[in-house]
Amino acid sequence: MTIKLPILLAVSTIAFSISTYSQAKNLKIIEAKPLAFEQLQGTRVDFSSKKSMTNATLSVTGPNGFQASVFSKKGVPSLDMQDFGSLDDGVYKYEIKAADHEIIKIRDSLNNGRGDNASTFVNKSLSQSGHFRVIDGQIAHFDNIDEQQSRMDQ
């Protein structure tokens, strides 16, 4: 008696699905807390943060090659996008990269030729990214999508 190929495929697919499900149910979803809270106003990109950070870089990119980047030795930097050129309507992306005061052990320390002077610890790195929209040269706010929808329905 020979097993037909379609039956064999169906049985192996079901077995794989059960195995994948049992592995997936053991995964935990960790909800990340924001590094800093957006305070977008007019053409300014500002952030407030309770987290102490150093060597932070804020980068913003947008339509038609818009690029802006600022650095702060302590705290989160802010910028006025007008200082970097004209603002075209569209979606802009920001990214914050910084170092935390928390020190972590380097997992795989390489032989960098420093001998006893080689560091086995490093500051924990932090990052956050997001996006916003510019309309008529100003940052647009969409605080409550439901409220926007209800206004459109009226």
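Read the figures in this text as sums done on the coordinates, not as results from a lab. This structure is a prediction, so every number in the text was calculated from the model and none was measured.
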Along region 48-54, what does the Karplus equation 6.51 cos²θ - 1.76 cosθ + 1.60 (θ = phi - 60°) give for ³J(HN,Hα), rounded to whole Hz, x for Gly and Pro? 10, 8, 8, 7, 7, 9, 10
Ordered by residue, what ³J(HN,Hα) values in Hz, to whole numbers, does region 61-70 give under the Karplus form 6.51 cos²θ - 1.76 cosθ + 1.60, where θ = phi - 60° and Gly and Pro are x? 10, x, x, 6, x, 4, 9, 9, 8, 9
Per residue of region 87-103, what does 6.51 cos²θ - 1.76 cosθ + 1.60 with θ = phi - 60° give for ³J(HN,Hα)? Whole Hz please, x for Gly and Pro, Karplus curve as stated. 10, 8, 5, x, 8, 10, 10, 10, 8, 10, 10, 8, 10, 8, 7, 5, 9
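Can you pick out the pairs among LYS50/LYS124; LYS33/LYS105; LYS50/LYS105; LYS33/LYS124; LYS51/LYS74; LYS73/LYS105 whose Cα atoms lie more than 19 Å from each other? Please list the in-between numbers first.
Numbers: LYS50/LYS124 16 Å; LYS33/LYS105 23 Å; LYS50/LYS105 24 Å; LYS33/LYS124 15 Å; LYS51/LYS74 11 Å; LYS73/LYS105 23 Å.
Long pairs (Cα-Cα over 19 Å): LYS33/LYS105; LYS50/LYS105; LYS73/LYS105.
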